[in-house]
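Below is one structure, written out as structure tokens; the observations come after it.
Just so it is clear, none of the values below were taken in a lab; they were calculated from the coordinates. Please read these numbers as outputs of a predicted model, since none were measured by experiment. Cβ sites come from the backbone with ideal geometry, for glycine too, and all protein chains shown count toward neighbours.
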Amino acid sequence: MDGEERFEGVGVSPGVAMAPAFVYRSAELRLPRRTLGAPGEAEGEWSRLRDARDSTARDIRRTLVALDLETSGGEGGILEAHLMALEDELFIKELRDEIFKMGRNAEWAVSEVASRYAAKLRSSGNELLAERAGDIDDVARRLLQSLMGVDSTPQFSFEGRRIVVAGNLSPSETLALPRDRVVGVALDRGGATSHAALLVRAIGIPAVFGLGNFSSRVRSGDEVALDGNGGVAILSPGAGETGRLRSMEAERGNLVEMARRRAAEPAVTPDGVEVAFLANVENEGDVAGIAASGGAGVGLFRTEYLWLAEGRPVAEERQAEIYTAMARELGDRPFAIRAFDLGGDKFHGSASVGEHEANPFLGLRSIRFLLRNENFFKTQIRAVLRAGAATGRRLDFTIPMVSDMSEIVKTRELIRETADSFARHGVECIEPRLGIMVEVPAAAVSAAAFARHCDYFSIGTNDLAQYTLAVDRCSESVATLYQPLHPAVLRLVRGTVEAACAASIGVSVCGEMAADPLSAIVLLGLGVRTFSMAPAAIPLVKETVRRVPHSEAARVVQIIEGAATAAQVRHFARGVLARFAPEILRQC
Ligand code: PEP
Ligand code: MG
């Protein structure tokens, strides 16, 4: 054992990793809020703020010169807009008032004025003004970083293969992980379908979250082992553990290797039911590897990651370029672009989406945010239509977090208006098929009615489980209650599939359940015939489908009618896997 320490958490990405740790601490902007008292303090704060403003403006000018950017549009235009915001008289006056009249320190003044100012711009009803709100957010972030002397770019400064250990990782930090060197991730916090979790799964490396105080016990360079299946992290593993994990790793390696070799073959159950596999992607580059993993196209492009990666709204031109390039690469294979799903745990690096709400997952998230900030939404719709026109193909456009029919109707209206205005300018575009994420119980319960207004359903079981069970998908403290196999969730999935079939529209599942062999059997039994998941997960789930007769999986329908717990459903699915694919069961 020699000093080995074991930490139990939630396995969020399967597999085994053994490597030295890199302990990451995020450079969070913890705003110092202070009420000014002493005489002259306000002058001092005002002068700090002016210095920060000058140095921010200098930085922006330097970037413009260094990159030789045109200032009329694109990146250069954005930076120019930042400079203008820094010089905006009303903005400066409000900052001054916060310090001199309200007696607040510089950081507090900036965050207060920026969120007020951005909210005012967004609700102005004037599209041009509303577009400037994002600039205000960005400028505020730059000012705060300068005031506090912080560089908030995530720093993963290490050589060689490492397991990243941290308290928590935001989606943007997870995006910044150096994929060529990180072999595993261990976090104190987070649940199985937090966005950090699904990004790690997309990289295809083992991860364990919800490990309590693990990151404070580990130092960079310490040997760490992760068992992503069992949800265990071991500090300084002894010879016994190392041997056990190595043999697990070898068995998984052989199985995955065999499944990868067959990845391109169709997935048909022994009794002849065919299942289609699509990929969930987070950026343009992910498309290249899809075919090799056995994916027939893209079932979910989480476009908000473009925004998160850049830390600000993505210009229409850039979006159109990305969607067009991806559509070209995919040819006539399916391509579903999901509208920006911002909010919840996905913020765009500033304070304006839901961050100040008590329950951001129940707040101004996804389609609610987009319909409140139509300028962002219209930019995305225009970019999608431009990609359709440039490639001459029909794309799929998915609306996230729909809870009310009006959200579908309004989106369709915006698409029509945009297409009409393109037509008036001589650009004929093919309107995308419009689909909705069924991920709020209201949408699942009203699926038959909603099906009349859209072209397909994409079932988001990550959120559907969270909202049905009232369990935060990101929280480690209620992680054991987060059970996508709960019969209540499964009944909603089944009802949605039935409604889609009755209305003859397409239906797929793109939540993380689809990527787990055990849960995939259950979904197959409930009638799901299209799965979308991280490309790395496709080969093993395809192999599972090839082994398990549909007639066996379909017995789950009776189980969920009689069963009251997720454990009963899990027991059933384990029994099926034990009979038809025991070596896959050992990896679940
Ligand atoms: C889901 O909720 O299942 C889903 C696929 O969307 P996301 O995980 O991005 O919220
Ligand atoms: Mg979702």
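Summary of computed values
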item: Length added when fully stretched, S406-E265, from 0.36 nm per residue minus Cα-Cα; result: 46.6 nm
item: At R0 = 25 Å, FRET efficiency that the Cβ-Cβ distance of E317 and R394 yields, to 0.05; result: 0.65
item: Sequence ranges 273-279, 403-409, 158-164, ranked by mean other-Cβ count within 10 angstrom, highest first; result: 273-279, 158-164, 403-409
item: Relative contact order of the chain, pairs being alpha-carbon contacts under 8 Å that are 6 or more residues apart, as %; result: 15
item: Nitroxide proxy distance, nm - points 7 Å out along Cα→Cβ at S504 and E43; result: 8.0
item: Top positive-direction residue, dipole computed over the chain with Cβ charges, set A119, T530, A419; result: T530
item: Kirkwood-Stokes translational diffusion coefficient of segment 262-585, alpha-carbon pairs, 10 °C, 1.306 mPa s, µm²/s; result: 79
item: Computed [θ] at 222 nm, deg cm²/dmol, the chain (DSSP H ≥ 4; -39,500 (n - 2.57); rounded to nearest 500); result: -15000 deg cm²/dmol
item: Antiparallel DSSP beta bridges within the chain, as percent of all bridges there, nearest 5; result: 35
item: ³J(HN,Hα), Karplus 6.51/-1.76/1.60, whole Hz, each residue of segment 301-310, x for Gly, Pro; result: 9, 7, 5, 4, 5, 4, 5, 5, 5, 8
item: Residues with amide H under 5 Å from that of G204, placed H, sequence gap 5 or more; result: none
item: Theoretical gain in end-to-end length, R25 to D59 [0.36 nm per residue, Cα-Cα removed]; result: 9.7 nm
item: Amide H partners (placed H, <5 Å) of A19, local residues excluded; result: V224
item: Residues with amide H under 5 Å from that of V12, placed H, sequence gap 5 or more; result: A207, V208, F209
item: Protection proxy ranking, peptides 229-235, 297-303, average beta carbon neighbours within 10 Å, highest first; result: 297-303, 229-235
item: Whole-Å semi-axes of segment 426-465's equivalent ellipsoid (Cα gyration tensor); result: 26, 12, 6
item: Sites R34 and A449, calculated FRET efficiency, Cβ-Cβ separation with R0 60 Å, nearest 0.05; result: 0.65
item: Label-to-label distance, nm, for residues given as R116 and E431 (7 Å Cα→Cβ offset); result: 4.3
item: Total lysine pairs whose alpha carbons fall under 21 Å of each other in the chain (8 or more apart, or interchain); result: 6
item: Counting DSSP beta bridges with both ends in segment 262-585, the antiparallel % (nearest 5); result: 10
item: Among G243, G295, L308 - extreme Cα towards positive end, dipole of segment 231-370, charges at beta-carbon; result: G243
item: The chain - Kirkwood radius from inverse mean 1/r over Cα pairs (Å); result: 25.4
